[in-house]
Structure formats: structure tokens, C-alpha cells
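To start, the structure itself, in C-alpha cells.
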Amino acid sequence: MSQDSAESSPSSSRDWFFPSPSFIHSTSNSPQSPNYPRKFSTIPRHSRSSPTDSKPPKTSTFRSVSSSGSAAYGDQKYGRGRRRIELIRRSEKTAKQEKEGPVLEQKRVVSKAVSGVKTAIGEMGIRVFGQRVKIRWQMASYIAILFTAFGSLVHKNFSLHNQVIDLQDQISTMTIRLQACNTSDTFDTISILQESDHLSSKGLKILALTVSIALLSMPLFVFKYIDYISKFRSSYNCSEMVSLNKQLEYRVDVLLSVHPYAKALALLVATLMLICLGGLALFGVTDDSLADCLWLSWTYVADSGNHANSEGMGPRLVSVSISFGGMLIFAMMLGLVSEAISEKLDSLRKGRSEVVEQNHTLILGWSDKLGSLLNQLAIANESLGGGIVVVMAERDKEEMELDIAKMEFDFRGTSVICRSGSPLILADLKKVSVSKARAIVVLADDGNADQSDARALRTVLSLTGVKEGLRGHIVVELSDLDNEVLVKLVGGELVETVVAHDVIGRLMIQCARQPGLAQIWEDILGFENCEFYIKRWPQLDGMQFEDVLISFPDAIPCGVKVASRGGKIILNPEDSYVLQEGDEVLVIAEDDDTYAPGALPMVWRGSLPGDFIVPKLMEKILLCGWRRDMEDMIMVLDAFLAPGSELWMFNEVVESERERKLIDGGLDLSRLVNITLVHREGNAVIRRHLESLPLESFDSAKRLPYREAMVTRGQRGSFSRGSWIGEMQQASDRSVIISEILDPRTKNLLSMSKISDYVLSNELVSMALAMVAEDRQINDVLEELFAEEGNELHIRLAELYLHEGEELSFYEIILRARLKREIIIGYRLANAERAVINPPNKNERRRWSVKDVFVVISEKE
């Protein structure tokens with residue numbers, strides 16, 4: 001029977017086919033159709049094999065029941081095979097048409113878009129002269145349409161590509177099902193599956209390569225578009241001065257400047273993008289998986305030499321590109337790391353780092369007194385094993401450290417830390433841990449006094465504005481006494497002031513009237529010898545001050561801090577004063593841990609040789625040079641000197657100008673009672689100017705005996721009495737010459753001169769600042785000793801307290817001085833050059849001479 005008849009006959013095998021038992025047996029073992037007979041294709045094996053397959057076709061293993069049944073079955077088998085072939089061909093043709101159809105449609109859309117662009121460009125060219133602005137907007141719109149069309153085409157291309165892939169998958173699946181009907185085609189099915197997977201992965205690789213290229217090209221299009229927009233705006237609106245690209249550059253600059261980690265974050269993002277894009281590109285040109293390609297991309301970025309093993313043009317091109325990008329990223333990373341390290345080292349070098357200290361001494365400012373101040377603080381901290389001193393000034397840190405290294409003294413374990421900054425800025429003050437400092441010293445600037453004090457006042461305001469508060473007190477050096485009240489008003493209880501010019505001026509006056517007093521002040525103010533200390537001793541409660549004087553073997557009591565009077569310090573109190581609970585004793589001792597009260601000794605008081613009254617004689621004083629606080633010195637001299645005394649003022653200031661300056665300074669010449677001003681113009685270093693002065697007529701206090709002898713021996717045989725230099729020597733022998741020295745190193749040169757005494761102004765002020773910084777209570781003591789009223793230091797002759805050759809202990813001399821309401825703190829022997837303050841072995845007797853002198857604290861005469 002033919003195929004057509006078999007298909008059209010109502011009694012065909014499609015409706016009445018009954019397989020033979022052997023056929024049923026052979027098909028029942030098929031894994032694909034366990035419950036019903038499977039219809040097999042009768043296409044020969046050689047027609048389905050590859051061209052290279054040379055195996056002979058296999059014979060059919062099926063057996064028919066009868067000839068008619070076999071014929072019907074054969075016709076049915078071949079008819080179904082042909083129909084399947086036609087179905088496959090039809091599906092392939094349909095898939096090809098469906099694959100080519102979108103492409104043709106895409107071409108038509110592109111041609112339409114291109115023709116539209118050409119038409120638009122033609123229309124724009126026609127109206128270019130009349131409507132320039134309109135043409136630019138139309139051009140921008142067409143470009144936008146072009147980009148939109150291009151984007152839609154790309155989207156359609158990807159969507160059609162995905163549809164083609166789906167159709168290919170369906171075709172492959174149908175082919176696999178068709179060829180899998182024969183159990184002997186197992187190997188062919190596996191190869192078809194592998195080919196299907198290969199086609200699917202190939203599509204993904206093409207997609208990955210396309211995406212990577214598109215992402216790499218996107219920044220270029222964005223930059224070009226931004227540049228075009230900027231140029232279009234500048235040409236359309238001339239009033240707009242800032243272009244879009246400059247605005248973007250500014251925003252990026254601000255972002256990198258404001259956020260400290262923006263550079264590192266941008267580098268990290270660039271690295272991740274390079275790894276991802278490189279991995280996608282490698283996935284598109286190699287057969288590796290996406291994960292392996294990403295890892296390989298990272299190895300190319302981390303080590304540019306890994307791309308040498310790449311094979312093929314595509315992998316090599318991609319690997320070289322990734323390696324080049326990795327080198328750029330590595331170079332930028334090195335630049336960022338180098339810049340960060342340089343900034344940190346520069347910050348450390350310039351002193352911008354924070355000081356993490358507490359209980360340190362903070363010095364704000366820089367002046368010539370800093371060296372002496374550091375030396376005194378180092379001596380004071382020696383007993384504690386050293387301390388921490390922080391210096392902050394508006395100077396470079398390296399310059400400050402270099403200048404401090406040149407200072408010729410031992411720091412004794414004290415560390416000096418320098419920082420650059422302004423004391424007027426709270427951030428800089430916090431940088432030096434100002435709230436944790438135990439003392440803050442504000443140095444005065446060199447130059448104008450009013451400006452210096454104004455800056456000190458602003459510094460005090462900044463210190464009082466610290467939110468965390470201050471643990472220590474503030475010691476402020478001022479240049480003008482008139483500004484002291486204002487600074488104390490602003491600082492309140494936290495501030496202690498030291499007026500440098502006032503202190504030096506009063507010291508000059510005291511030393512001029514009492515030669516040798518400057519050396520005693522050096523010993524008392526400095527920490528190298530003995531200084532003032534205040535401490536409470538409960539075992540002394542209920543004891544009279546007369547007994548307290550001889551209760552300390554290693555110290556000399558000078559006063560009492562009375563608790564009942566708000567902690568006021570009373571220098572040289574009465575003998576009958578009884579110490580109360582809470583009172584503290586002011587002493588002169590070597591250190592705060594070197595003295596303690598002992599057992600009360602038995603001391604014989606005795607009596608004074610006689611009731612001597614030191615007469616107040618007229619004096620003639622020559623004052624060379626000019627000081628800013630000259631009016632203050634004149635008023636102090638008027639209070640100290642006897643009536644009829646003369647003050648000769650010898651300087652280069654014009655006489656009329658002097659009076660104006662003195663009056664502007666607050667001096668009332670009519671109120672001078674004891675002195676008369678004599679003005680002379682000249683320079684003290686020019687010989688002919690000095691020759692016009694009666695140098696031999698000037699005198700001050702009586703020269704000390706041992707120096708008179710030395711000078712007398714020195715002047716014999718040097719120069720004749722008729723020469724000018726001889727007259728100068730005679731004048732210097734009869735007068736007291738006091739010199740103010742700013743540099744402490746200059747005092748070594750004075751040993752060869754005839755200067756009676758000198759005042760180390762900067763060093764003495766530094767000593768006072770250091771002492772007040774260590775204990776602010778001492779400032780009240782110093783203010784009273786330098787004031788016009790109250791107690792002061794005096795040098796007394798020994799003949800006021802004893803007879804020639806009398807043997808007495810130091811305790812006995814102390815009690816004798818109490819008869820005159822004086823406190824003896826030391827002595828200087830006739831053949832000695834320096835005084836001894838707080839002598840040891842106070843209860844040991846020794847023989848004294850009337851040429852010896854004693855250092856006492858007594859009320860001003």
C-alpha cells in the first residue's frame with residue numbers, strides 16, 4: 001500500500017496498528033516510553049550521521065507479524081519520518097526568517113533614522129543664516145533623537161539577539177528530541193547538547209564583550225557631550241562666565257578637599273571598575289568562566305607581568321589593556337601613599353600634631369627671656385626627675401628647636417616640646433592640651449609695650465574661653481604697669497601678673513642704693529639656691545612667731561599665710577603672733593622637701609650694741625639712658641631718697657621732649673618732694689660727652705669695704721691721677737655703678753670692669769615668672785618686696801647687731817634682729833664675694849666682724 005493511501009485510508013495503521021509481541025518486547029524496554037509503544041523514525045543511520053562517518057548502516061531489528069502488517073507499518077514509518085524532516089526544515093526556515101526579519105527591520109529603522117538625520121541636516125543648512133540659535137537647538141534635538149534612536153536600536157538589537165538565542169535553544173531542543181528517538185544515537189545527543197551549550201555561552205560572551213566596550217566608551221561620550229553643552233551655552237549666552245565643565249571640575253575639587261578619604265575611595269572605585277570591565281572583556285574573548293575571568297583580571301591589575309602567558313589576539317589585547325590600567329592605578333596609589341606620608345611628616349616637622357600630656361608647664365610666646373625661663377623650670381623639676389615644658393609660638397617648629405638646642409645649660413631631665421600655633425586660636429590651644437596644664441606662662445612680645453600688653457590681654461581672653469576649663473593658673477608678663485588692672489579684671493582669679501619693666505626699675509633703684517643686692521635677688525628668685533616656699537605644719541599651731549623663727553634648722557621663716565584673713569600672706573609679722581589652725585608658714589629653703597620643724601633650741605637673745613639710727617643723707621645720682629617707664633623710677637627715687645637729693649638725667653632725648661614724655665607718662669613735676677631733676681644731653685659711650693659731667697661728685701650708697709680695698713690696690717700704678725681715665729677710675733671708686741644687662745652671657749665680661757653691680761633684667765624677670773608658675777602664692781610676696789610700701793630687702797652692717805669679735809650663733813643674731821623688727825635671712829663676710837642665704841648650722845657659734853654685713857627683711861624706711 002502506498003503512503004498516501006495509508007495516510008487516507010480509514011483502516012490505516014494509524015488507527016488499527018497492533019504491534020507484534022516481539023515489537024512490544026523491544027519497545028517496552030525503552031526508557032522514554034515505558035507505558036505505550038514508541039513511534040520510531042525509519043531514517044537510515046547513514047543519512048543522519050556526519051559526512052565523515054564511514055560506518056555501514058545497521059539493519060532494522062524489528063520483526064513484523066505478517067506481510068500486510070509489515071508493509072503497513074513500513075509505509076507508516078517512512079511517512080512519519082518524512083513529515084518530521086519537513087517539520088525540521090520548516091522550523092529551521094521559520095527560525096531563519098525570524099532571525100533575518102528583525103535584522104532587516106533594524107536596517108530599515110537605521111536607514112530611516114539616517115535619512116531623517118540627513119534631511120534634518122539639509123534643512124538646518126538652508127536656514128543657517130537667519131536662525132542661528134534655532135538651528136543650534138534643532139541640532140541638539142536631532143542629536144538627542146539620534147542618541148535615542150541609537151539607544152533604541154541597541155535595545156532592540158539586544159532583545160532580538162535574545163530572541164534568536166531562545167529560538168536556537170528551541171531548535172536545538174527539538175533536534176535533540178528528534179535524534180534521541182533512536183537508542184543508538186546517545187553519543188550524537190551528547191555532542192548536540194555540548195554544541196547547544198557552546199552556542200548559548202558564545203552568545204553570553206558576545207554580550208559581555210559588548211557591554212564592556214559600551215561601558216568603556218560611555219565616559220568619552222559623556223565628556224564630549226559636556227564639552228558641547230559648555231560651548232553651546234557660552235555661544236548662546238555670553239553673560240555666563242563659568243562653563244559646565246569648569247563647574248564640574250570645581251565640584252570635584254571641593255569633594256576631594258572637604259572629604260579626606262575621597263581620593264582613596266575614588267581609587268578603590270576605579271580599581272573595582274577596571275577589574276569588573278576587564279573580567280567581562282576576558283569572558284568575551286576566552287573560554288573561561290566569569291568567575292575565573294574576574295580573578296584573572298585582578299591578577300593582571302595587581303601584577304602587570306601576568307599577561308605574558310596570554311594566547312591569541314583577543315586575550316592578549318584585553319590583558320595588555322588591563323595591565324596598563326593596573327599600572328596607572330598602582331602609580332596613583334603610590335602617589336596617594338607618598339602624599340599622605342609626606343603630609344604626616346610635614347605635620348610633625350611643623351609642630352601641628354597634638355600634645356598628649358598633663359600636669360605640664362605651657363609657655364605661650366617667644367622672647368629673649370625664654371632661655372632663662374626654661375633653665376629655671378628645669379632646675380625646679382630636677383627634684384621630681386624632670387618635667388614636661390611645652391612651648392607654643394608663631395614660629396617654625398624646627399627654628400624653635402634649633403634655638404633651644406643652642407642654649408648653654410643642662411635641662412636636668414626636663415623635656416621641651418615645641419609646637420607652632422597662635423595662642424589666640426582655640427584650636428591651637430587645644431592642640432597643646434591647655435586645659436590639662438598645671439601652669440600657663442604668657443610671655444610679652446618684644447617691641448611696643450601697649451601692643452604687647454594688648455596681645456597678652458587677648459591671649460588671656462582666649463584662655464578663659466576654653467570650654468574644658470583650666471586646671472592651672474595663668475602667669476602673664478606685662479610691659480606697662482597701667483595695664484595690670486585690666487588684665488586682672490579679665491582673667492579674674494586665674495591670672496597672676498608680673499610687670500617686667502616695673503620689677504627691673506625697682507631693682508635698679510634698690511641696687512643703686514644698696515650695692516650687692518642684685519646678687520641676693522638672683523639667689524632668692526632662682527631655683528639653684530634658696531627660694532620661697534609655703535607649707536602648713538600642724539605641729540606649730542599655738543606657737544608664737546618668735547619661737548617659729550628658730551624651729552627650722554634648714555630654713556628661715558619669713559612670714560605667715562593667715563587662714564582667718566582669706567589666705568593673706570603677712571611678711572615679718574610681730575613676735576607675739578600665735579599660729580592658728582590652717583595657718584601656713586612662709587620660709588626660705590633650698591627645696592620644698594629639704595626642711596621640717598625640729599625641737600625648739602635654747603637660744604640666748606642678748607642685747608644690741610646700741611640704739612643706732614641710720615641717718616638719711618642727701619645723694620647725687622646719675623641716670624644714664626632713657627627708659628619707657630622713667631616717670632615710675634623717678635617717683636620711686638623721690639620716695640626713697642633724702643630731701644635735697646639730685647637726679648641727673650643724661651641721655652640723648654631733647655630736654656623739652658623729656659618733660660613732655662614725663663608728663664604724658666603721668667609724672668607731676670610739682671609733686672616731687674625729695675629730689676631735683678637736672679637734665680643733660682649726651683651719649684654715655686662718647687668720651688667728650690662724659691668729660692662734661694662732674695663724675696667725681698656722684699655718689700650713692702657706701703661701697704662695701706672689701707671692694708674698696710680691691711679697687712684701691714687695683715688703681716695704684718695703672719694710670720696717673722691727672723689723666724682722664726684716672727679721673728674716671730677715681731670717680732668710679734667713690735661712686736656706685738649699676739648696669740642693666742639683657743644677655744646673661746655678658747656678665748662674664750664685667751669681671752674686668754669697674755662696675756660695682758649689675759642687674760640681669762631678663763634673667764631676673766624669667767626667675768620671677770618661673771617662681772610664680774611653680775607657686776602662684778609667691779607673687780604676693782614679690783609684689784610686697786618690690787612695692788614702695790611694706791617690707792623690702794636691706795643690707796645692714798654687722799655693727800648694728802654685734803660687737804667686734806663677738807661669738808654668736810646665727811639663731812642668736814636672728815633674735816637680736818627681732819628687737820628692731822627685722823628678719824635676718826643671710827650674711828656676707830668681709831672677705832667673701834657672695835652672700836650666704838639660709839646658712840647651715842644655725843645653732844653653731846662663730847666669731848663675727850663689724851665689717852660683715854647681714855641681709856634682712858624689714859619695713860621700708
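Can you tell me the length gained on complete extension of the stretch A270 to L248, counting 0.36 nm per residue apart and subtracting the Cα distance?
6.1 nm
Between Q168 and L672, what is the label-point separation in nm under the 7 Å Cα-to-beta-carbon projection?
Placing both labels 7 Å along Cα→Cβ, they lie 11.6 nm apart.
Could you pull the accessible area for C511 with a 1.4 Å probe, rounded to 10 Å²?
0
Highest first, please rank the peptides 408-419, 668-679 by the mean number of other Cβ atoms sitting within 10 Å of their residues.
Peptide ranking by packing, descending: 408-419, 668-679.
Net charge within 10 Å of V476 by Cβ-Cβ distance, Lys/Arg positive one each and Asp/Glu negative one each, not counting V476 itself?
-3
Considering only protein heavy atoms and a probe of 1.4 Å, how much of the accessible area of the range 608-699 is carbon and sulfur, as a whole percent?
The C+S portion of the solvent-accessible surface of the range 608-699 is 53 percent.
Might you work out the accessible area of M333 for me, using a 1.4 Å probe with all protein chains in place, and round it to the nearest 10 Å²?
Roughly 80 Å² of M333 is accessible to a 1.4 Å probe.
Which peptide among 391-399, 521-529, 801-809 comes first, and what is the full order, when sorted by highest mean count of other Cβ atoms within 10 Å?
521-529, 391-399, 801-809
So how long is each side of the range 583-641 along the principal axes, counting just the alpha-carbon atoms, biggest first, in Å?
Principal-axis extents of the Cα atoms in the range 583-641, largest first: 53, 37, 22 Å.
What order, most packed first, do the peptides 500-507, 597-604 have when packing is the mean number of other Cβ atoms within 10 Å of each residue?
Sorting 500-507, 597-604 by mean packing, highest first, produces 500-507, 597-604.
Once you sort the root eigenvalues of the Cα gyration tensor of the range 461-581 as a ≥ b ≥ c, which label holds: rounded (a/c under 1.5), prolate (a/b larger than b/c) or oblate (the other case)?
Because a/c hits 1.5 or more and a/b fails to exceed b/c, the range 461-581 counts as oblate.
Rg over Rh of the range 315-414, using C-alpha atoms and the Kirkwood radius, what does it come to?
Computed over Cα atoms, the ratio is 1.35.
At q = 0.10, 0.12 Å⁻¹, what log₁₀ I(q)/I(0) does a Debye calculation on the Cα points of the range 404-523 give, no solvent, two decimals?
Evaluating at q = 0.10, 0.12 Å⁻¹ gives log10 I(q)/I(0) of -0.40, -0.57.
Give the shape of the range 618-697 as rounded, prolate or oblate, defined through the alpha-carbon gyration tensor: a ≥ b ≥ c are the square roots of its eigenvalues, a/c under 1.5 means rounded, and otherwise the shape is prolate if a/b is larger than b/c and oblate if not.
oblate
Please give the FRET efficiency for S257 paired with L424, using the beta carbon to beta carbon distance and R0 = 22 Å, rounded to the nearest 0.05.
0.30
Suppose the chain between A340 and V356 were pulled fully straight at 0.36 nm per residue; how much longer would it get relative to their current alpha carbon spacing?
Length difference between fully extended and current span is 3.5 nm.
What does the charge count near L829 come to, summing +1 for each Lys or Arg and -1 for each Asp or Glu among other residues with Cβ under 12 Å from its Cβ? Intermediate results must be reported in sequence, preceding the final value.
Details: positive: R828, R834, R846, R847, K851; negative: E833, D852.
Result for the neighbourhood of L829: +3.
Here are some pairs, K406/K661; K568/K851; K820/K842; K620/K842; K561/K620; which of them have Cα atoms lying more than 30 Å apart in this structure?
In this structure, K406/K661; K568/K851; K620/K842; K561/K620 lie more than 30 Å apart at Cα.
Sum up the charges of everything whose Cβ sits under 12 Å from the Cβ of D253, counting Lys and Arg as +1 and Asp and Glu as -1, but leave D253 out.
Once positives and negatives cancel, what remains is +2.
Please calculate the 1.4 Å probe accessible area of V222, with all protein chains present, and give it to the nearest 10 Å².
70
The values are calculated or read from the model by the stated rules, or taken from the named source; none is laboratory data. Because the structure is a prediction, the values reported are computed rather than measured. Here the Cβ is made from the backbone with ideal geometry for all residues, glycine too, and neighbour counts use every protein chain on show. For accessibility, only protein heavy atoms count, side chains too; no ligands or nucleic acids. Shrake-Rupley method; radii C 1.70, N 1.55, O 1.52, S 1.80 Å.
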